[in-house]
Amino acid sequence: MKHVIIYAHPSPKSFSSKLKNALKLTSDERNWETTIRDLYEMKFDPVLWPVELAQLSKGEVSDEIRKEQELVLDADIISVIYPLWWAGFPAILKGYIDKVLAYGFAYKAGSNGIEGLLKNKKVYLFTSMGNTIEQYESKGLIDAFKKIQGGEIFEFCGMDVQAHQFFPEIPSASDEEINHHIDKALSLFEPNEVIPIVFQNDL
């Protein structure tokens, strides 16, 4: 199994970072081939510049983007870890999606309409938030996040979104709550045994 973890948080002390590390450890315990794409560490440029857009229209991409596409293409499992900012992805993650999941690679138009090209891939989305679940649900936003950030991107490209987990009130979460959230995330990868991992919240 090949597991690609796409991680988009600027702080190494964040809950997202701890979750990323826990997923990596659990993945390694299963002897999966695990690759972490830390977008901030990579200094990934999220801006789709005019020259890049012109290249995409010709089916051309840079070596940097081709490498990311090859990782996505080879992956059996893709985990995406990010904080919810202004009801959406951090800019660096949105730019990664814009550039990597490009037309001709991730999807194409055919006789029956749009066809997703990245089939047989399981996707797990992990979203940390500042507010409560109830505050978002009262506005109908949790379902909207699942549709927009999962269905209209990854499923649109032919992938299978296995789960989209939301972790509320992270900035004020206790160590116990942090560990509970991490255990909940790791439980998605059962029936293999989940190894408890303990972190302290130093946000």
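Show me the helices (runs of 4 or more DSSP H) entirely contained within segment 81-197 in which 2 or more residues are closer than 27 Å to P50 by Cα and touching a strand residue (DSSP E or B) at 6+ places or on another chain (Cβ under 9 Å).
Counting at least 2 such residues, we get 91-100.
Only residues that are closer than 13 Å to K121 by Cβ and in contact with a strand residue (DSSP E or B) (Cβ under 9 Å, 6 or more places away or on another chain): list them for segment 64-80, please.
Within segment 64-80, L71, V72, D74, A75, D76, I77, I78, S79, V80 meet the criteria.
Select, from G158, G150, G116, G130, the only residue that is surrounded by 18 or more Cβ atoms within 10 Å (Cβ to Cβ) and in contact (Cβ under 8 Å) with a residue 24 or more places away in the chain.
Working: G158 fails: surrounded by 18 or more Cβ atoms within 10 Å (Cβ to Cβ); G116 fails: surrounded by 18 or more Cβ atoms within 10 Å (Cβ to Cβ); G130 fails: surrounded by 18 or more Cβ atoms within 10 Å (Cβ to Cβ).
None of the others qualify; the one that does is G150.
Out of A109, A102, report the one residue that is aliphatic (A, V, I, L, M) and surrounded by fewer than 15 Cβ atoms within 10 Å (Cβ to Cβ).
Only one candidate passes the filter, namely A109.
Residue pairs, Cβ under 6 Å, 6 or more apart or interchain, first in segment 36-51 and farther than 18 Å from V72 by Cα, second in a loop (DSSP other than H, G, I, E, B) and of a type in the set (D, E, K, R). List them.
Going by the 6 Å Cβ cut-off, there are no qualifying pairs.
Among the residues of segment 69-80, are any crowded, with 19+ Cβ neighbours inside 10 Å and assigned to a helix (DSSP H, G or I)?
yes
How many residues does segment 14-63 contain that are within 22 Å of V123 (Cα to Cα) and outside any loop (DSSP other than H, G, I, E, B)?
21
Any read-out appearing in this document is the output of simple, stated calculations on the displayed coordinates, not a laboratory observation. Every value quoted in this text rests on a predicted model; they were computed, and no experiment measured them. No Cβ is skipped: glycine too gets one built from the backbone with ideal geometry, and neighbour counts run over all protein chains shown.
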